[in-house]
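Data block below; observations after.
The values are calculated or read from the model by the stated rules, or taken from the named source; none is laboratory data. Please read all numbers here as calculations on a predicted model, not as lab measurements. Because the Cβ atoms are built from the backbone with ideal geometry, glycine has one as well, and the counts that use them run over all protein chains shown. Remember, those area values only see protein heavy atoms, side chains included, never the ligands or the DNA or RNA. Shrake-Rupley method; radii C 1.70, N 1.55, O 1.52, S 1.80 Å.
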Amino acid sequence: MGEVTKGGTLDRREVVAALLAGRNDLLVVTGLGSAAYDVMAAGDHDNNYYLWAAMGSAVMTGLGLARAQPDRSVLVVTGDGEALMGFGALATVAVQNPPNLTVAILDNGHFGETGMQVSHAGRGLEFDRVAAACGFSWTARITDLDGVTDLQRQLATRDGVKLAVIKIAAAEAPRVLPPRDGSYVKNRFRAALGFQPI
């Protein structure tokens, strides 16, 4: 577990663009930092819920949304560092087992937002194996774009909670900032779901 390993070779922007292509009414929750920039770079959308200043909350936010919107597919896009901050969320999600929730962890093996220090995943922790041990119905470790295509197909299925670790290169991409006004993001998202702003 102490030996440093590489994240992967996939380009994060290419992965997220492929994952969100033809997304229809998919609801997307992003982790902080690069995951939010990647989703924004793939195209801003009223059904995107960008988290700001809530490190470690992406998976639990996705769980709440999946339970509140059981007829909609929910995708959480986050990084390995952000997912580590809310590590216990995987057990809670498995116990709740919302069939419409998928978690995609962009794993470069580093804490990208704090200086590219090697993360636990970079030292060998395997989120897909943890999720499987917790009871997720489908898990995958993705190292090529064919795996991303398979993950995209999984998004519409309703047979239990899913998690994929996507092994991306530890390279920074230019920041594409989503809206930073939390009230605006919240109210735009609520309106897309048919609710009044609050």
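Filtered by the rule that a residue be of a type in the set (D, E, K, R) and either under 11 Å from the mean Cα position of the chain (by Cα) or modelled with pLDDT under 95 (or both), the range 72-82 gives Asp80, Glu82. Does the range 106-123 include one or more residues that are open to solvent by 30 Å² or more (accessible area, probe 1.4 Å), charged (D, E, K, R), at pLDDT below 90 and more than 27 Å from His45 (Cβ to Cβ)? Checked the range 106-123: at least one residue is open to solvent by 30 Å² or more (accessible area, probe 1.4 Å), charged (D, E, K, R), at pLDDT below 90 and more than 27 Å from His45 (Cβ to Cβ).
Listed conditions (1) in contact (Cβ under 8 Å) with a residue 12 or more places away in the chain; (2) of a type in the set (Ser, Thr, Tyr); (3) surrounded by fewer than 16 Cβ atoms within 10 Å (Cβ to Cβ) are all met by Tyr184, apart from (1). You will find that of Ala83, Ala68, the residue that is without any contact (Cβ under 8 Å) to a residue 12 or more places away in the chain and out of contact with any Asp or Glu (no Cβ under 6 Å at 6 or more places or on another chain) is Ala68 and no other.
Gln196 - would you say it is buried (at least 18 other Cβ atoms within 10 Å of the Cβ), out of contact with any strand residue (DSSP E or B) (no Cβ under 9 Å at 6 or more places or on another chain) and either touching a residue at least 40 places away in the same chain (Cβ under 8 Å) or over 18 Å from Val76 (Cα atoms) (or both)? Taking the combined requirement at face value, the residue does not satisfy it. Residues of the range 1-23 being over 19 Å from Thr143 (Cα atoms) and at pLDDT below 90, which ones? Once the filter is applied, which keeps residues that are over 19 Å from Thr143 (Cα atoms) and at pLDDT below 90, the range 1-23 yields Met1, Gly2, Glu3. For Thr61, indicate whether it is of a type in the set (Val, Ile, Thr) and at pLDDT 95 or above. Taking the combined requirement at face value, the residue satisfies it. Which of the residues belonging to the range 132-179 are assigned to a strand (DSSP E or B) and open to solvent by 60 Å² or more (accessible area, probe 1.4 Å)? Arg141 - this is the single residue of the range 132-179 that is assigned to a strand (DSSP E or B) and open to solvent by 60 Å² or more (accessible area, probe 1.4 Å).
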